[in-house]
Amino acid sequence: MLTVFTPSFADDANTNAQNLTAKEVVSRLPPDRFRVVLLGDGAPDPRILARENTEILRWSRHGNTPRWLTHVLLSKTDIYFFPREGPLDTLFMFFRRSLGLSVALVTYVVAALDRGVGPKMARAIREADHVVGNSRYVTQTVEERFGITAGTIYDGIKRDVFYPSSDGRQPHSKLIVFYAGSFQPGKRVNVVIREAAKWPAVEFRLAGRGEEEDKNRSLVSELGCRNVTFLGHLSQQGLAEEMRMADIFLFPSISEGHPQVLGQAAACGLPAVAMDFYRPEYVVNGETGYLVKSESELSYSLGLLLSDRDLRRRMSAAAARHALQFDWDKVARDWESAFLEAVSIRRKRH
């Protein structure tokens, strides 16, 4: 049996994309072949709580990093999966190298590196026994920047949560454009709001929070938009319900790797308009939505969808079909293979 440690939180309420990925993967690993150790701060995901051979290291107000590090170093850990850029990851890599530990490091890269990479993530990539990107483009940027061979494993989609409406997309009194994501500068929520100002008869619903929320609310007031609703943070179920109610998903972010939210929207049968810079594979340009290179293209593509009901219907059906290939059960099997490969590589080096 192999022991996998991941510095990811098992909390059911934690909807951070990286933690969601880790929970989906480890909850599916065969418990007779993989022992899993995660972190915890609140009530765990029920699947992880019920999983055999699973341990949750609890968060406390003080001393978490040394306590967690001691556990990883002194227990029989075979795989350190999904390092981030925190003190625990930095110290683990220091001791791994200085002590010559046999723990395999599996680094999952979830952001394209075409615009650079921080020193901590660079180290996690250089010292990894196996590196995986979450899209072909992310993997390409890793290989080009570091001169290594990396794999690709996509994030899956929770089909019990994200699925199309059973009675199809019903006409509303108003069309609904939906955005979900953080309110950070690179997400460009202001672009969504400026589109709302152009379409006063269309309802724009925005889910998320972040440092630019007040600034975005001020922009709504400045432009006199009465058709914008701020929804705050949503649970996964709440997010899915909003997606099934909406007509178009508008995602102007330029700060991405391979955002799960695009796959979730597709699974709910929601045509998307997104930027092409990071080449998201959850959207097929011209079939399930539009991938655009500029704000003018974004505005034009949104106009096409808002003005053509038949186009929305075709793209909705195509998006739901396309999303079927992103299956968490297959993803978990791919990670099983990646873990076994990493352990084999590490053992050959030691």
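The heavy atoms of Ser235 offer some 60 square angstrom of accessible surface to a 1.4 angstrom probe.
Summarising the amide proton neighbourhood of Leu57: residues at separation of 5 or more, or on other chains, whose placed amide H is nearer than 5 Å comprise Leu38, Leu39, Gly40.
Take Glu222: with every protein chain present and a 1.4 Å probe, its accessible area is about 140 Å². Tell me, Kirkwood radius of segment 254-306 from alpha-carbon pair distances, in Å? Value: 11.0 Å, from the Cα pair sum.
Report the extension gain between Phe230 and Arg347 in nm, rounded to one decimal, defined as 0.36 nm multiplied by the number of residues separating them, less their alpha carbon distance. In short, 37.0 nm is gained. Measuring only protein heavy atoms, the 1.4 Å probe finds Arg58 accessible over about 100 Å². Compute log10 of I(q)/I(0) for segment 1-123 with the Debye formula, placing one identical point scatterer on every Cα and leaving out solvent, at q = 0.14, 0.18, 0.19 Å⁻¹, to two decimals. Values returned for q = 0.14, 0.18, 0.19 Å⁻¹ are -0.60, -1.00, -1.11. Length gained on full extension, Arg321 to Arg217: 33.9 nm, using 0.36 nm per residue less the C-alpha separation. Between Arg194 and Thr70, the simple spin-label model (points 7 angstrom out along Cα→Cβ) gives 5.4 nm. Taking all protein chains into account, the per residue accessible area for segment 110-202 stands at 46 Å² (1.4 Å probe). Here the Karplus relation 6.51 cos²θ - 1.76 cosθ + 1.60, evaluated at θ = phi - 60°, turns the backbone of segment 61-76 into coupling constants of 5, 9, x, 5, 4, x, 5, 5, 4, 4, 4, 5, 6, 9, 8, 7 Hz, with x for every Gly and Pro. The convex hull drawn around the Cα atoms of segment 121-253, when projected onto a plane and averaged over every direction, covers 10.5 nm².
Accessible area, 1.4 Å probe, largest first: how do Arg309, Arg84, Arg347, Arg226 sort?
Arg226, Arg347, Arg309, Arg84
Values of log10 I(q)/I(0) for the chain across q = 0.10, 0.12, 0.13, 0.15 Å⁻¹ run -0.64, -0.89, -1.02, -1.27, by the Debye formula with one identical scatterer at each alpha carbon and no solvent. Among the listed pairs Lys120/Lys348; Lys23/Lys330; Lys174/Lys198; Lys23/Lys76; Lys23/Lys348, those with a Cα-Cα distance over 18 Å are Lys120/Lys348; Lys23/Lys76; Lys23/Lys348.
Applying 1/(1 + (r/R0)^6) with R0 = 41 Å to the Cβ-Cβ distance of Arg333 and Ser296, what FRET efficiency is obtained, to the nearest 0.05? For Arg333 and Ser296, the calculated efficiency is 0.45.
For the peptides 116-124, 32-40, 3-11, residues were scored by their other Cβ atoms within 10 Å and the scores averaged per peptide; the highest-first order is 3-11, 32-40, 116-124. For Arg136 and Glu55, the difference between the fully extended length at 0.36 nm per residue and the C-alpha to C-alpha distance is 25.9 nm.
The values are calculated or read from the model by the stated rules, or taken from the named source; none is laboratory data. For clarity, every value in this text was computed on a predicted model and none was experimentally measured. Here Cβ is always computed from backbone atoms with ideal geometry, including for glycine, and neighbour counts include all displayed protein chains. For the accessible areas, the whole protein counts, side chains as well, though only heavy atoms, and no ligand, DNA or RNA atoms are used. Shrake-Rupley method; radii C 1.70, N 1.55, O 1.52, S 1.80 Å.
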